[in-house]
């Protein structure tokens, strides 16, 4: 397999995350010592991507709890339980849209409560939480590789020209957004590794430029033939380049009917995919599917600070980093971080468990049945 970037470095008691705000110009790993550091890394988007957010939250709790256990700070099982559960509640306030974080927190909370019922020592509860967080890291990598395999197979089996496949992707869904390998970008990796990919196109992904800063960085790093385009060029690209036979995106939350919340700009890509008659594929682990929400109307959309839209950061000619304003002073700003793509525009949802498709004649997915 081709080499991939590493955004999360973990050994028991130690966690470092790649500061993605500094990419692609600098590679800076920063230590995460406690849940406050983990919360800040997620909220400021030093760590981003739904799977990675969940993993970093869980591991920040693991390193914090490990350090406190080493210092004998937990006097009882109840004290350890209280710290772990309150920390999980705090971590959930970092970003509201990605369901993976809430899923990981719920699983850890259930485990903590169950172990605490019979535990004699605080170390039993803490170590159980640490081990579960570590397993989440391992499982995420394997889940991503399964997504890549299933997604590549689905595309090859459902495009009109199997010998000439190009794809378009949006935002960043690779190693930088997960524990490793990636979801949508993992599918692109598999196509490339199998010799089935002619070219990958990635959008700039304004206003935070995750496509130009991060996805382009990963594609170049792995020598995948690729081209960067502005978000507004996608429809023109599809019209002029019939080799682009699929648009592949990730997801921060998928409702039970298949409505998908993903990076802002995804919805318009789904519309143009429909118009041009090509596949529109959502790639996400099953933890991104929220069966408690029947449709995308229930998904809370995070709004980001105005300065992300009216300023841009880059390198000057002397290689010094600088942030400059690009918009007129006094202009009002609307900056939602995500939009919701209706299920009728989605061709398939690729998970680690396989590929979910709609039944003939249906406009919505039955993800409850798929997951069962």
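Values computed for the structure shown
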{"read-out": "Sole exception among (1) under 19 Å from residue 238 (Cα atoms); (2) not in a strand (DSSP E or B) for residue 281, by number", "value": "(2)"}
{"read-out": "The stretch 70-127, subset closer than 30 Å to residue 183 by Cβ and assigned to a loop (DSSP other than H, G, I, E, B), residue modelled with the lowest pLDDT", "value": "98"}
{"read-out": "Scan of the stretch 343-365 for residues that are free of Cβ contacts under 8 Å to residues at least 60 places away in the same chain and either surrounded by 15 or more Cβ atoms within 10 Å (Cβ to Cβ) or closer than 23 Å to residue 142 by Cα (or both), ordered by number", "value": "344, 357"}
{"read-out": "Subset of the stretch 212-243 (residues that are more than 23 Å from the chain's Cα centre (by Cα) and surrounded by 20 or more Cβ atoms within 10 Å (Cβ to Cβ))", "value": "238"}
{"read-out": "Scan of the stretch 247-278 for residues that are in contact with a helix residue (DSSP H, G or I) (Cβ under 8 Å, 6 or more places away or on another chain), more than 18 Å from residue 231 (Cα to Cα) and not in a strand (DSSP E or B), ordered by number", "value": "252, 256, 257, 258, 259"}
{"read-out": "Every residue from the stretch 314-341 that is closer than 18 Å to residue 48 by Cα and surrounded by 15 or more Cβ atoms within 10 Å (Cβ to Cβ)", "value": "335, 337, 338, 339"}
{"read-out": "Inter-residue pairs, beta-carbon under 9 Å, first without any contact (Cβ under 8 Å) to a residue 24 or more places away in the chain and in the stretch 321-339, second loosely packed, with under 10 Cβ neighbours inside 10 Å, 6+ apart", "value": "322/316"}
{"read-out": "Matching residues, the stretch 307-336, being closer than 11 Å to residue 208 by Cα and in a loop (DSSP other than H, G, I, E, B)", "value": "335"}
{"read-out": "Matching residues in the stretch 191-211 - criterion: being at positive phi and either in contact with a helix residue (DSSP H, G or I) (Cβ under 8 Å, 6 or more places away or on another chain) or surrounded by 19 or more Cβ atoms within 10 Å (Cβ to Cβ) (or both)", "value": "205, 209"}
{"read-out": "Candidates 110, 93, 97, filtered to the one that is touching a residue at least 60 places away in the same chain (Cβ under 8 Å) and assigned by TED's automatic domain parsing to the domain that holds residue 44", "value": "97"}
{"read-out": "Subset of the stretch 171-211 that is over 16 Å from the mean Cα position of the chain (by Cα) and free of Cβ contacts under 8 Å to residues at least 40 places away in the same chain - its residue that is nearest to residue 19 (Cα to Cα)", "value": "204"}
{"read-out": "Residue 133 being buried (at least 22 other Cβ atoms within 10 Å of the Cβ) and in a helix (DSSP H, G or I)", "value": "yes"}
{"read-out": "Qualifying residue in the stretch 170-190 (condition: more than 25 Å from residue 349 (Cβ to Cβ) and either buried (at least 16 other Cβ atoms within 10 Å of the Cβ) or out of contact with any helix residue (DSSP H, G or I) (no Cβ under 6 Å at 6 or more places or on another chain) (or both))", "value": "no"}
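The values are calculated or read from the model by the stated rules, or taken from the named source; none is laboratory data. Values in this document were obtained by computation on a predicted structure and should not be read as measured data. Methodologically, a virtual Cβ is constructed for each residue, glycine included, from the backbone with ideal geometry; neighbour enumeration extends over all protein chains shown.
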